[in-house]
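For reference, the structure is listed below as structure tokens.
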Amino acid sequence: MAAKNREKSQAFMNEALERWRICDNAETDLRIQGEEDLKFLNLEQWDEDVLKKRQDRPSLVIDQIGEPFRQLIGRQKAAKPSLLAVPVDSGSDVDTAEVFQGLIRQIENKGHAKAARDEAFKNAVAVGFGYYRLVVEYENEDDEIAPTNVMFDQSIKYQPIENTMSVFRDPSCPLHEPEKCRFVFVIENLPKSEFERRYPDKIATSEAAFQSTGLTMPDWYDSKEDTVRIADYFYIEDVEGPEVVLIRTPENQEISVAADMVPEGFEVIQRRRLQKRVVRQAKISGAEILEGNDNLTEGRVWPGRFIPVIPIWGESLVVEGRRRLRGMVRAARDPQRMYNYQCSELVYELALSPKSKVLASVEAMEGLEPLWEKAATQALVVAINQHKSDLRTTTGWYDATDPNRRGADQSGKAILARKESQAEGNTNYHENFGEALIYEGMVLLDLIPKIYTRPGRVIR
């Protein structure tokens with residue numbers, strides 16, 4: 001039995017690692033570009049090679065991306081969106097919808113929904129994709145004197161995912177149909193000491209763990225020996241259900257029944273084999289299953305029918321058959337680079353202003369000496385203003401301090417129209433956030449009846 005379980009576990013890990021490799025290959029370019037976007041937001045806006053060549057010149061960072069980025073994030077935070085449960089047809093129960101609404105509101109407030117959503121939206125605006133997740137935890141995990149029935153009460157909570165690069169998601173899933181996602185990995189790099197504390201009977205060093213099982217996955221583990229990569233691995237398992245048939249009764253009515261319960265003499269119109277959707281969750285180290293079912297041969301069953309990792313997208317395009325995602329930073333990087341360069345050159349030229357570099361005959365300069373002395377810096381100022389304008393175009397941000405706009409905004413209506421125009425330029429981010437809430441609602445409505453089950457339980 002032990003050998004058979006070991007064989008099943010290894011087959012499971014081989015499939016999991018192959019899926020992770022598919023995700024990694026499909027998203028390599030997205031992650032490289034996304035990391036570059038994050039560096040720009042972190043004010044790392046000069047290439048290292050360029051900095052080495054500019055050791056005797058100033059290399060300024062005059063950030064123009066951060067303000068529109070913060071404004072867009074601020075608008076989303078101020079909106080404070082929430083879910084609303086409503087009955088949708090004549091067969092729905094209004095009272096049941098009200099119960100669901102009360103539970104959802106309690107879960108949002110107590111489970112820190114706002115923090116999780118805000119973090120995911122911030123990443124979507126920054127790099128084009130962000131995620132948050134729903135988890136199920138015991139309410140009285142540390143309370144030893146709680147009544148026995150209360151000890152097993154569970155609650156749904158939100159969990160922010162700060163590092164958006166830690167999520168690897170089924171690349172074949174349609175972008176706007178997240179319910180069709182087949183698998184998701186949420187990666188975490190643990191210090192070796194923490195891994196040993198949590199899993200004292202497991203091999204801590206990732207490379208040694210791979211060697212001990214015969215698996216080959218060098219891209220999984222970090223080259224640093226002081227960390228161990230683990231992952232929450234969600235996946236869908238299709239379980240074959242019973243066969244059902246559609247029959248016509250003698251009264252010419254159509255009803256569906258199990259295939260083995262068709263009354264004699266009834267006409268069978270159509271047959272169908274039902275499929276049950278089961279979500280499983282395992283925690284893996286890349287070489288073995290750390291947490292799963294009792295035999296550690298596969299994941300344990302997750303209560304709901306949907307993978308509880310909610311994505312929020314930025315802008316999406318399909319280029320040469322490959323999906324591209326980006327946030328508002330991507331198109332602004334080049335104007336920002338030029339703005340930094342020109343500002344740095346202006347400072348450098350001003351420092352050398354007594355030594356004019358302009359060469360001309362005495363006759364050509366006669367009477368125009370001040371203009372010739374400022375010629376280099378004037379060109380730089382013009383270029384700086386142009387690059388600043390380019391940044392406004394790429395981010396869709398309206399600069400209220402722009403002197404060129406002072407004459408244009410003569411009335412309150414004109415100012416309001418300008419603000420609305422700016423908001424419309426970034427409305428796709430808010431629309432995608434709304435789509436994420438729809439999927440979140442699907443996950444919650446499916447999960448709530450399976451978690452809040454104890455009769456007499458009071459939710460405050």
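The values are calculated or read from the model by the stated rules, or taken from the named source; none is laboratory data. This is a predicted model, so every value here is computed, not measured. Glycine gets a Cβ as well: all are built from the backbone with ideal geometry, and neighbour counts include every protein chain shown. Side chains included, ligands, DNA and RNA excluded: accessible areas come from the protein's heavy atoms. Shrake-Rupley method; radii C 1.70, N 1.55, O 1.52, S 1.80 Å.
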Hits in segment 194-206 (condition: more than 15 Å from GLU288 (Cα to Cα) and either modelled with pLDDT under 85 or surrounded by 16 or more Cβ atoms within 10 Å (Cβ to Cβ) (or both)): none
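Per-residue answers, yes or no, for (1) modelled with pLDDT under 80; (2) charged (D, E, K, R):
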position: LYS192; (1), (2): no, yes
position: THR216; (1), (2): yes, no
position: THR227; (1), (2): no, no
position: PHE234; (1), (2): no, no
position: ALA258; (1), (2): no, no
position: ILE269; (1), (2): no, no
Pairs with Cβ under 7 Å, 6+ apart, first in segment 144-157 and charged (D, E, K, R) and modelled with pLDDT of 60 or more, second open to solvent by less than 70 Å² (accessible area, probe 1.4 Å) and part of a loop (DSSP other than H, G, I, E, B): ASP153/ASN140; ASP153/ARG454; ASP153/ARG457; LYS157/GLY111
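Take ARG133 and tell me if it is in a strand (DSSP E or B), within 18 Å of PRO311 (Cα to Cα), open to solvent by less than 20 Å² (accessible area, probe 1.4 Å) and at pLDDT 95 or above.
Working: in a strand (DSSP E or B): yes; within 18 Å of PRO311 (Cα to Cα): yes; open to solvent by less than 20 Å² (accessible area, probe 1.4 Å): yes; at pLDDT 95 or above: yes.
Considered against the rule, which asks whether it is in a strand (DSSP E or B), within 18 Å of PRO311 (Cα to Cα), open to solvent by less than 20 Å² (accessible area, probe 1.4 Å) and at pLDDT 95 or above, ARG133 comes out as yes.
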Residue satisfying all of: in segment 232-252; more than 28 Å from ARG305 (Cα to Cα) and touching a strand residue (DSSP E or B) at 6+ places or on another chain (Cβ under 9 Å); most open to solvent (accessible area, probe 1.4 Å) among these: ARG248
Filtered residues of segment 253-288 (kept if among the polar types (S, T, N, Q), assigned to a strand (DSSP E or B) and either open to solvent by less than 40 Å² (accessible area, probe 1.4 Å) or over 30 Å from VAL301 (Cα atoms) (or both)): GLN270, GLN281
Matching residues in segment 34-64 - criterion: being assigned to a loop (DSSP other than H, G, I, E, B), open to solvent by 80 Å² or more (accessible area, probe 1.4 Å) and either modelled with pLDDT of 90 or more or polar (S, T, N, Q) (or both): ASN42, LEU43, GLU44, GLN55
Those strands (runs of 3 or more DSSP E) lying entirely in segment 296-339 with at least 1 residues open to solvent by 50 Å² or more (accessible area, probe 1.4 Å): 315-319, 322-326
Leading residue by the ranking (farthest from ASP170 (Cα to Cα)) among those in segment 235-280 that are free of Cβ contacts under 8 Å to residues at least 24 places away in the same chain and charged (D, E, K, R): GLU251
Residues satisfying the stated conditions in segment 83-111, i.e. surrounded by fewer than 16 Cβ atoms within 10 Å (Cβ to Cβ), not hydroxyl-bearing (Ser, Thr, Tyr) and not in a helix (DSSP H, G or I): LEU84, VAL86, PRO87, VAL88, ASP89, GLY91, ASP93
ARG280 under 30 Å from ASP118 (Cβ atoms) and touching a Gly at 6+ places or on another chain (Cβ under 7 Å): yes
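Criterion first (open to solvent by less than 70 Å² (accessible area, probe 1.4 Å) and touching a helix residue (DSSP H, G or I) at 6+ places or on another chain (Cβ under 9 Å)) does GLU291 satisfy it? Show your work before the answer.
Details: open to solvent by less than 70 Å² (accessible area, probe 1.4 Å): yes; touching a helix residue (DSSP H, G or I) at 6+ places or on another chain (Cβ under 9 Å): no.
Taking the combined requirement at face value, the residue does not satisfy it.
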Which listed residue, of ASP24, ASP63, ASP49, is of a type in the set (Asp, Glu) and under 21 Å from ILE236 (Cα atoms): ASP24
Pairs, first in contact (Cβ under 8 Å) with a residue 60 or more places away in the chain in segment 163-190, second part of a strand (DSSP E or B) and open to solvent by 60 Å² or more (accessible area, probe 1.4 Å), C-beta under 9 Å, six or more apart: PRO171/ARG323; LEU175/ARG323
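Does LYS357 satisfy the criteria of being charged (D, E, K, R) and either part of a loop (DSSP other than H, G, I, E, B) or modelled with pLDDT of 95 or more (or both)? Talk me through it step by step, then tell me what you get.
Values: charged (D, E, K, R): yes; either part of a loop (DSSP other than H, G, I, E, B) or modelled with pLDDT of 95 or more (or both): yes.
It is true that LYS357 is charged (D, E, K, R) and either part of a loop (DSSP other than H, G, I, E, B) or modelled with pLDDT of 95 or more (or both).
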Filter pass, LYS80 being open to solvent by 60 Å² or more (accessible area, probe 1.4 Å) and at positive phi: yes
